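Have a look at the structure below, then the notes.
Every read-out reported here was derived from the displayed coordinates using simple, explicitly stated rules and does not represent laboratory data. Bear in mind the structure is a predicted one, so any value in this text is a computation, not a measurement. So basically every Cβ, Gly included, is an ideal-geometry build from the backbone, and we count neighbours across all protein chains shown.
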Amino acid sequence: MSEAPRLSPHARLRHDAARGQWVLLAPERVLVLDETSHAILALLDGTRDVAAIAAQLAAEYDAPAEEIAADVAAVLDDLRAQGLVRP
Amino acid sequence: MSGSIPPPIGLLAELTHRCPLGCPYCSNPTDLEKRGAELDTATWQRVMREAAALGVLQLHLSGGEPAARPDLEAITATAAEAGLYTNLITSGVLLNGARLRALADAGLAHVQLSLQHAEAAAADRIGNFRGGHARKLALVEGIHAAGLALTINVVLHRGNLDSVEAMIALAERLGAGRLEIAHTQYHGWALRNRAALMPSAAQVAESRATVLAARERLQGRMAIDFVAPDYHASRPKACMGGWGRQFLNVTPSGAVLPCHAAETIPGLSFPRVTEQSLAGIWYGAEAFNRFRGTAWMPEPCRSCDRREVDWGGCRCQALALTGDATQADPACALSPHRAALLAALEAPAEDSLAFRR
Ligand code: SF4
Ligand code: SF4
């Protein structure tokens, strides 16, 4: 099983009630999350690996797991490059 | 009216103006607020809850030196609990590993530590605080150990432009995730010291080239933000992202400002958090509405296609250079008062600095 990704300790996921959106907060950054990114980040708990996250989302959204797995990997790669997700 | 005004994103909380350092480029007002006038713990905690409810996402705990307040931990805890992303802007000299750990436990996310120069002797001379630089370096290990994100912040002026390369290397060695290199903004003490701080055009160009090369080289390892100097620009910056659009600033005594130098503007009065709610001030205060949007603009801004890009630049800079806060910021080459800025650029360099006190 591959290593389970999680948010970097200085990245915070929160609901922005004033604007009705989910955001990921980091030093001098406010990342507004779309529904897919939020659904993925909400499942990062340090125990689920990418396959487990994709399986769960595939079940929830009734979509093919391979497609979802590619989406999950892309979102996480992007956030990893920005230092917001580890490992 | 509140329907068309977006909620603020950031709050700069100046917990105190007290600071052990005396940087001559400090943007605090030359008339510093005294300890006795500072808000108490409970009021700051209420401000944090009101800010979060109003829509603020990013909190900057600043000063002066915010760690001069023993209740920094308590204020941080309330802010984090309310959901604010909490940044500490510090000189570092009043902190230690134990306090950092307590701050991290309270929910602090990020420390922005200032450096004055890469070499201890020069750094201590600029900050007017002996041993300061060594204390800052010693603190970094504790910042990492507490799991806090680290930004190194450097303000550039004539006295440290020889050190840009070395400061970038130092920030990298200290394991900073982010480096902010900002040319001095001439407000408060910096304005008083302008003739001694102002770099030459050649020095500015060199600093920019050095920073851009480093940014390329360090991509993916350390992010570098560069703030170019207004006086050497031909178009102004959107000061604070536009007056009353994204940020608010609360002074040690609780005055709520659209930007930290706004109190220099005559004829504006700034309500205090002890008199009104933060939301009431943000949406309703005359001082916030005075320069909101574009309706207040005279020419050349009024008919300019950048009026909603830079919002006419900085009101306080317009005031400082033209005597009139409603003018286009003379950092804009289209300003009819451009000559005032060029005169300051060409003024003979001075050597004597007034340290902040
Ligand atoms: S700029 Fe220097 S003097 Fe001013 S608050 Fe920061 S550390 Fe203190
Ligand atoms: S004229 Fe005014 S709006 Fe246009 S670029 Fe200059 S400062 Fe900005």
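Taking the stretch B:294-338 as the range and being charged (D, E, K, R) and not in a helix (DSSP H, G or I) as the test, the residues that pass are B:E299, B:R302, B:D305, B:R306, B:R307, B:E308, B:D310, B:D324, B:D329. Taken over the stretch A:50-86, the criterion of being touching a helix residue (DSSP H, G or I) at 6+ places or on another chain (Cβ under 8 Å) and outside any helix (DSSP H, G or I) is satisfied by A:A63, A:P64, A:V85, A:R86.
Hey, among the residues in the stretch A:5-15 that are in contact with a Gly (Cβ under 7 Å, 6 or more places away or on another chain) and surrounded by 16 or more Cβ atoms within 10 Å (Cβ to Cβ), which one's farthest from the other protein chains (Cβ to nearest Cβ)? Among those residues, the one meeting the criterion is A:R6.
For the stretch B:248-263, the criterion of a residue being crowded, with 18+ Cβ neighbours inside 10 Å, among the hydroxyl-bearing types (S, T, Y) and away from ligand 2 (no atom under 16 Å from the Cβ) is satisfied by at least one position.
Taking the stretch B:42-65 as the range and being part of a helix (DSSP H, G or I), more than 14 Å from chain A (Cβ to nearest Cβ) and either under 22 Å from the mean Cα position of the chain (by Cα) or within 12 Å of B:L15 (Cα to Cα) (or both) as the test, the residues that pass are B:T43, B:W44, B:Q45, B:V47, B:M48. Could you please let me know if B:G92 is in a loop (DSSP other than H, G, I, E, B), surrounded by 16 or more Cβ atoms within 10 Å (Cβ to Cβ) and more than 14 Å from chain A (Cβ to nearest Cβ)? Criteria met by B:G92.
Residue pairs whose Cβ atoms lie under 9 Å apart, sitting 6 or more positions apart in sequence or on different chains, and linking a residue in the stretch B:111-130 that is within 14 Å of chain A (Cβ to nearest Cβ) to a partner that is in a helix (DSSP H, G or I), are B:V111/B:L100; B:V111/B:L103; B:V111/B:L139; B:V111/B:I143; B:L113/B:K136; B:L113/B:L139; B:L113/B:V140; B:L113/B:I143. In this structure, does B:G97 turn out to be farther than 24 Å from B:M240 by Cα, free of Cβ contacts under 8 Å to residues at least 24 places away in the same chain and small (G, A, S)? It is false that B:G97 is farther than 24 Å from B:M240 by Cα, free of Cβ contacts under 8 Å to residues at least 24 places away in the same chain and small (G, A, S).
Regarding B:R302, is this residue surrounded by fewer than 16 Cβ atoms within 10 Å (Cβ to Cβ) and within 16 Å of ligand 1 (Cβ to nearest atom)? Considered against the rule, which asks whether it is surrounded by fewer than 16 Cβ atoms within 10 Å (Cβ to Cβ) and within 16 Å of ligand 1 (Cβ to nearest atom), B:R302 comes out as no. When the stretch B:127-180 is filtered for residues that are within 16 Å of ligand 1 (Cβ to nearest atom), more than 19 Å from the chain's Cα centre (by Cα) and among the polar types (S, T, N, Q), only B:N128 remains. Inside the stretch B:281-302, residues that are within 16 Å of ligand 2 (Cβ to nearest atom) and small (G, A, S) make up a count of 2.
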